[in-house]
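Undergrad: Next up is a structure, given as structure tokens.
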Amino acid sequence: MRTDFAFVAVMMLAAVLLMGFALVGASILRPKKPSKAKLETYECGMETVGDAWVQFRVQYYIFALIFVLFDVGGIFLFPFAVAYNSLPLYAIVIVILFILTLLGSLLYAWRKGVLQWD
Amino acid sequence: MTLQQILFIVISLVVLGSAVLVVTTRNLFHAALFLVVSFFGVAGFYVLLDAGFFAAAQVLVYIGAISILFIFAVMLTRDVITAQRGNSQWQAAAIVAGVIFLIMALLLGPFSVTIRGREFGNANWPFAMDGNAIKAAPGNFVGILGTGLVDLNQYGVPFLLAAVLLLVAMVGAIWVARELRGREAERAAAETAVDDADMDANQPVQEPLPLIETETHEAHDSRNAAATEKH
Amino acid sequence: MTVFEVINNILKIVGDAVAAFIISILGAGGLADFVIMLLAALIICSICAVAFMGLTYAERKIVARIQDRIGPNQAGPYGLLQPIADGIKMFTKEDTTPAEADRWVYNLAPLVIAVFALLTYAVIPFAPGVVGTNLNIGVFYVIAVGSGSTVAILMAGWGSNNKYSLLGAFRTVAQLVGYEVPMLLNVLPVVMLAGSMSLVDIVERQTLSNGGNGIPFILMAPLSALIFLISGIAETGRSPFDLLEAESEIVAGFHVEYSGMKFALFFLGEYVNALAVSIMFTVLFLGGYAGPILPPYVWLLLKVAAVFTLLMWLRGTLPRVRVDQLMSFNWKFLVPMSIVNVILVMVIGKVFVADAVLAQSNGGIAVPPIVQALILFTSSIALLLASLLLVARQARQLRLVEAEDIEKRVAQNKVAAAKVVAQ
Amino acid sequence: MINGIPLYWYLIVSAALFCIGLYGVMARKNVIAVIMGVELMLNAVNINLIAFWRYITPTSISGITFAAFIFVVAAAEAAVGLALIISIYRNTRSVDPEKIDSMKL
């Protein structure tokens, strides 16, 4: 198990090396003539008004909430899926109940109208 | 020092260092990013502990989902740069946390200190095992976990209760966080008006929050918006 | 060993020879293992980088043909040197960092996104015995690594300190997390049918040789395959789900402030992810390297090329969807349908069991694998048709209501106009 | 094999992580940072559970099952907690735990 993951760590190292090499190489090769106009925040040539702090809609948060729900459900569903072939039929009923409970909160969000993007 | 010991020490330094930055840095967005680093290090611990499934679950749930919730919440409350690192009692909190850590370390490790002739801690702690004598974990523990979770004689009931907990949490969170609209919004406004009238005169009047809607709606006319080439 | 076998296993033979060579120099041990792994990882990463260059060229040429244009044709014969010209440009272009940017976050974001995109390739089986590492949680690992890029996108958006970047990042993340859910749910039927999360096991189950029955999972779970492909396209932010970038309409979303090499890394991440989605689709549903006569790696290459061409075709022809359509389509159609599909596969797979021994011990009717596949296929298609009919009826009702509304307004206007005339 | 890492190393690191989280909960002036502290504490708990599972009962699944449930609890806690904070912020424009002291918003 651990030795299997060694390659993942090495892969991470290799990717960082390769990409870091590209970034460093580019920073050596490229010209560097910053001017005030270049360093301005890009807003299609308009003057920037205020900073980037704008009020966001709570809807983003609610989408992330439902995502969290199914993500956490996934932690339970994947072990079940691995064991699926050797399970008796009544175990399936329990899992269906589990999934329907998850679906319940999606339907609640739907009924409350928070899935409507406007 | 074996390679794994070195890895363990490096990962602990990453986890603990970024955890300290989480609780001390003033910029909350940076705190959330250090939280992500800390979570990633904990996933490294799980790999060292042969629990690869939980390492992936840690990345999926904590980094992919919970940290997104945190960052969204930070953006939604707009209070990103806090004025102070801690509140008025932060020194006391530091002392309390430090003392609790020392007590825990004494209880958990095979150390002991002698204060005025009395020994605290346990130098012969039974769990100070170094793991070379430990049984190998079953390779396919994920399948065994799956079997146990849906077995009513083992963890079937907690499994279903977990779903119910998630359902309740989501319903509550959506109910609390959603923006009121239409008739609901009118009713809520009427209620707040009544509340305002009831309120003490010396309470500060709460200005209603203007929802600054900065998002412009690019009218995507799907007919003429044929995908064009990149450059 | 026959010539045939050598050709079939050429990747593994070369790999073993290189590994033996390294061990003969460094001696067997941790260091040699590390060097071999590092070499393998570097090769995989470089192949990804080269594939990225090739794919940009192929995509621009093919999409141009679809849209009746010529595409790149200046650099070299048929514009073949275009990717190299682009690469030189990326290396030598001035790279500006906005003065207001949060420097560390801004500079780290492209690196994080590229690394997470490349990490997927650590578990992909390219041929029998040729795989970075055969994790027994393979699919789950791929999904987990795929979800890691959301943080990088938020880093890019926040680090730029530009409100359009931040808004773009928010929208991109809302799209990514949304389409991650059907992706996660539709991998489940595959894992259930294969009985393992390891990608090697999943491929082996679809081959004829090693304990598999030769039926690719696209025939057993066609609906899952379809939804997986759709959500995969949306995950990589390609057309028709690329409205968050929409180069032709709005500024490019979360990476508007990036230029030069850092922009190239975002671009690389996008293409490497798109390639990863096509490879994952091939591995999960089309049987990976399984196939008769031709060597396995050629089969994998052919299948991946076919899937990627499909992606390009979609990109060249389909119009962009609207943001509200994007969200509704996911949460109100794909996710509920995926859930019903998972339950359907779960129940049918348990009632009609392909394995006679398991059918005896767990209950259920023992059927040959091909019959089980047939039942699964028919029921999935039936579910798809039923949900499409449902949606079509709803849409028709909506249209009727709208039409009535319009008629009413027209009538009112007529009355008003008549009044004005009368006055 | 678990080459030479004793169990108490994990326990002490997780105790340290727990105490850092505890400090965050007690000392931060922003409720979101407080919840970040809580998440750190939950992670410390999870390290403990999985370490005990690996070293003491690797053949039983009780340890990892508890760890899986901690994931659920952590997600639910973060979801509800942050939703409450967003709601409170909407009404009072403050995320300072010392100022949020009225029961009725």
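Undergrad: Could you tell me whether any residue of the stretch D:33-48 is over 14 Å from the mean Cα position of the chain (by Cα), touching a residue at least 12 places away in the same chain (Cβ under 8 Å) and at negative phi?
TA: Within the stretch D:33-48 (the criterion being over 14 Å from the mean Cα position of the chain (by Cα), touching a residue at least 12 places away in the same chain (Cβ under 8 Å) and at negative phi), the answer is no, since none of the residues qualifies.
Undergrad: Cβ-Cβ distance below 8 Å, separation of 6 or more or different chains: which pairs start in the stretch C:68-95 with a residue that is crowded, with 17+ Cβ neighbours inside 10 Å and end on one that is assigned to a loop (DSSP other than H, G, I, E, B) and of a type in the set (Ser, Thr, Tyr)?
TA: C:Lys93/C:Ser259; C:Asp95/C:Ser259
Undergrad: With surrounded by 15 or more Cβ atoms within 10 Å (Cβ to Cβ) and either under 23 Å from the mean Cα position of the chain (by Cα) or modelled with pLDDT under 90 (or both) as the only criterion, which of A:Ala26, A:Ala37 stands out?
TA: Selected residue: A:Ala26, the only one of A:Ala26, A:Ala37 that is surrounded by 15 or more Cβ atoms within 10 Å (Cβ to Cβ) and either under 23 Å from the mean Cα position of the chain (by Cα) or modelled with pLDDT under 90 (or both).
Undergrad: Here's another thing I want to ask about it. Any residue in the stretch B:68-81 that is more than 10 Å from D:Ala83 (Cα to Cα) and at the interface with chain D (Cβ under 9 Å from one of its Cβ atoms) sitting within a Cβ distance under 6 Å of a residue that is at pLDDT 90 or above and surrounded by fewer than 23 Cβ atoms within 10 Å (Cβ to Cβ)? List the pairs, counting only those 6 or more apart or interchain.
TA: Going by the 6 Å Cβ cut-off, the qualifying pairs are B:Val74/B:Phe29.
Undergrad: Same structure, new question: Kindly indicate whether D:Ala44 is at pLDDT 90 or above and more than 7 Å from every other protein chain (Cβ to nearest Cβ).
TA: Spelling it out, D:Ala44 is indeed at pLDDT 90 or above and more than 7 Å from every other protein chain (Cβ to nearest Cβ).
Undergrad: For the stretch C:1-108, please list each of the helices (runs of 4 or more DSSP H) lying entirely inside it that holds at least 3 residues being within 28 Å of the chain's Cα centre (by Cα) and under 30 Å from B:Leu3 (Cα atoms).
TA: Result: C:30-66.
Undergrad: Moving on to the next point. Name the one entry in B:Ala56, B:Ala51, B:Ala92 that is within 14 Å of chain C (Cβ to nearest Cβ) and either without any contact (Cβ under 8 Å) to a residue 60 or more places away in the chain or in contact with a strand residue (DSSP E or B) (Cβ under 8 Å, 6 or more places away or on another chain) (or both).
TA: Answer to the check: B:Ala56.
Undergrad: Return yes or no: is C:Ile215 surrounded by 24 or more Cβ atoms within 10 Å (Cβ to Cβ) and more than 10 Å from chain A (Cβ to nearest Cβ)?
TA: Taking the combined requirement at face value, the residue does not satisfy it.
Undergrad: Additional query: Being of a type outside the set (Val, Ile, Thr) and buried (at least 22 other Cβ atoms within 10 Å of the Cβ): is that true of C:Phe308 here?
TA: yes
Undergrad: Do the conditions hold for C:Tyr179, that is, is it of a type in the set (Ser, Thr, Tyr) and at the interface with another protein chain (Cβ under 8 Å from one of its Cβ atoms)?
TA: In short, no.
Undergrad: Just for the stretch D:11-32: of the residues that are farther than 20 Å from B:Gly86 by Cβ and within 7 Å of chain B (Cβ to nearest Cβ), which one is nearest to the chain's Cα centre (by Cα)?
TA: D:Ala15
Undergrad: Can you tell which of C:Ala117, C:Ala122, C:Ala109 is in contact with a helix residue (DSSP H, G or I) (Cβ under 8 Å, 6 or more places away or on another chain), facing chain A (nearest Cβ under 8 Å) and crowded, with 21+ Cβ neighbours inside 10 Å?
TA: After applying the criteria, what remains is C:Ala122.
Undergrad: Hey, any hits in the stretch D:72-88 for a residue that's over 20 Å from the mean Cα position of the chain (by Cα) and either within 7 Å of chain B (Cβ to nearest Cβ) or crowded, with 24+ Cβ neighbours inside 10 Å (or both)?
TA: Yes, the stretch D:72-88 contains a residue that is over 20 Å from the mean Cα position of the chain (by Cα) and either within 7 Å of chain B (Cβ to nearest Cβ) or crowded, with 24+ Cβ neighbours inside 10 Å (or both).
Undergrad: Using the structure shown, decide if A:Asp4 is modelled with pLDDT under 90, over 22 Å from C:Ala49 (Cα atoms) and of a type in the set (Asp, Glu).
TA: So A:Asp4 fits the description; yes.
Undergrad: Next question, about the same structure. Quick check on my filter: what residues within the stretch C:353-373 are touching a residue at least 12 places away in the same chain (Cβ under 8 Å), within 13 Å of chain A (Cβ to nearest Cβ), closer than 22 Å to B:Thr147 by Cβ and of a type in the set (A, V, I, L, M, F, W, C)?
TA: Result: C:Val353, C:Ala354.
The values are calculated or read from the model by the stated rules, or taken from the named source; none is laboratory data. Because the structure is a prediction, the values reported are computed rather than measured. Using ideal geometry, Cβ is built from the backbone for each residue, glycine included, and neighbour counts are taken over all protein chains shown.
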